[in-house]
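Okay, structure first, notes after.
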Amino acid sequence: MAKLNLSVAVGPYDRTRALVDGSVQIDGVKPTCMTLSPEEIFFRAFRHAEFDICELSLSSFTVKTAQGACPYVGVPAFVSRAFRHTSIYVRTDRIKKPADLKGKKVGVPEYQLTANVWARAILEDDHGVKPSDIHWVRGGIEDADRPEKISIKLPPDVKLEDAPKGKSISALLAEGAIDGFMAPRPPSLPKNTPHVGWLFADPVAAAKDYFARTGIFPIMHLVGVRRSLAEQHRWLPGAVFKAFAQSKKVALDLLNDTSATKVTLPFVEERLAEARALMGEDFWSYGMAENRKTLETFLRHHHAQGLSSRLVTVAEMFHPGTHEAFKL
């Protein structure tokens with residue numbers, strides 16, 4: 001059987017490197033791999049469905065799935081995960097604690113970004129600050145004209161307005177026109193900009209406490225396979241899941257080899273041991289069943305925040321061929 005010539009677009013992560021360099025193969029596929037930024041992949045995927053296999057925003061995927069209009073089917077290989085306590089910046093001269101955000105203006109590059117769904121969930125579940133308590137201002141982190149990549153319809157009690165023409169949310173934060181900033185990347189500020197810092201002074205400690213209480217390691221991105229391809233080749237999503245899992249294993253095996261560190265950062269061995277002590281051996285798990293609680297929490301908040309038109313179930317997020325994995 002001839003292999004399928006398919007495009008694959010993912011971020012340049014250690015857990016995807018073996019796929020990109022060809023040391024791990026997707027069964028039945030001859031890939032053309034591209035390593036791109038998540039923002040570029042998502043824009044091109046959700047606007048024009050340009051890729052056959054690609055990394056996808058969990059939030060955007062959920063919006064489209066709820067609408068019944070997603071061009072991709074999901075594969076539970078979660079190539080990006082992050083605790084989002086580091087995603088909330090504030091004017092420290094005004095905001096001292098999460099409750100101080102009530103009634104204040106907070107900038108977002110896009111309201112529906114996955115990182116922002118999780119950050120709002122943290123504010124609501126742990127600190128009683130609801131999305132409707134905040135006045136949201138949408139604008140690019142650096143480019144004032146960044147658009148929302150997909151259309152959304154928010155509840156009437158949620159206040160969202162566009163930033164002033166020509167103003168990024170980074171500039172608005174620096175000059176004090178807004179009180180906070182929520183995004184997966186930090187604000188773009190001149191060095192030593194006064195009175196701007198994290199809402200959580202020690203976000204690592206806050207994230208560790210969050211995991212210890214909830215067992216949740218937030219998922220940011222999944223992998224998608226073009227729906228028309230999955231319908232034509234039912235074996236393809238399972239083959240994609242298998243390859244991404246193998247690629248992640250290669251990355252972890254290399255990380256475990258401490259004879260010469262594979263990451264340009266000191267104390268990697270110690271951080272790895274700390275992560276496993278807190279989160280278990282498989283701290284970056286793939287698979288639907290292994291991540292059900294995390295996914296159900298996300299889907300509940302996504303719907304409550306008005307982003308998904310209905311409550312999406314975990315099972316419908318992923319192709320049936322990925323619900324279980326082959327084991328010897």
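So the values come out like this:
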| item | result |
| --- | --- |
| Expected-Rg normalisation [2.2 N^0.38 Å, Cα atoms] applied to the stretch 92-205 | 1.00 |
| In range of the label at ASP145: residues from the stretch 167-189 whose backbone nitrogen is under 13 Å from the point 7 Å along Cα→Cβ | 167 |
| Those lysines that a straight Cα-Cα span of less than 16 Å connects to LYS153, excepting residues fewer than 8 apart in one chain | LYS64 |
| Neighbour-count ranking [beta-carbon atoms within 10 angstrom, fewest first] of LYS105, LYS191, LYS293 | LYS191, LYS293, LYS105 |
| Leading residue at positive end of dipole, the chain (Cβ point charges), from ILE219, PRO109, ASN5 | PRO109 |
| For the stretch 255-279 versus the stretch 28-46, the gap between their alpha-carbon centres in whole angstrom | 29 Å |
| Cβ-based exposure ranking for SER309, SER80, in which fewest neighbours within 10 Å come first | SER309, SER80 |
| Segment SER309-LYS293, length gained on full extension (0.36 nm per residue, minus Cα span) | 3.7 nm |
| On Cα atoms only, tilt of 58-67 relative to the major axis of the chain in degrees | 80 degrees |
| DSSP bridge pairs, the chain: antiparallel proportion in percent, nearest 5 | 45 percent |
| Residue with peak Gaussian network fluctuation, the chain [Cα springs, cutoff 10 Å], from PRO194, PRO147, PRO31 | PRO194 |
| Dipole magnitude of the stretch 21-92, debye to nearest 20 (Cβ charges: Lys/Arg +1, Asp/Glu -1, about Cα centre) | 380 debye |
| Contour excess over end-to-end distance, with Cα ends at LYS165 and ARG81 and 0.36 nm allotted per residue | 26.9 nm |
| Karplus-derived HN-Hα couplings along the stretch 106-113 (A = 6.51, B = -1.76, C = 1.60, θ = phi - 60°), whole Hz, x at Gly and Pro | 10, x, 9, x, 8, 5, 8, 4 |
| Ranked list, fewest to most other Cβ atoms within 10 Å of each Cβ, for HIS195, HIS303 | HIS195, HIS303 |
| Distance (nanometres) between label positions extended 7 Å along Cα→Cβ at PHE283 and ASP21 | 2.3 nm |
| J(HN,Hα) series, the stretch 133-140, from Karplus relation 6.51 cos²θ - 1.76 cosθ + 1.60, nearest Hz, glycine and proline x | 7, 10, 9, 8, 10, 9, x, x |
| Distance (nanometres) between label positions extended 7 Å along Cα→Cβ at LYS30 and HIS195 | 6.2 nm |
| Amide H partners (placed H, <5 Å) of PHE78, local residues excluded | GLY287 |
| Those lysines that a straight Cα-Cα span of less than 19 Å connects to LYS248, excepting residues fewer than 8 apart in one chain | LYS262, LYS327 |
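Computed from the coordinates by the stated procedures, all read-outs in this text should not be read as laboratory data. Model, not experiment: these values are computed from the prediction. Heads up, the Cβs are rebuilt from the backbone with ideal geometry, glycines too, and the neighbour counts pull from every protein chain shown.
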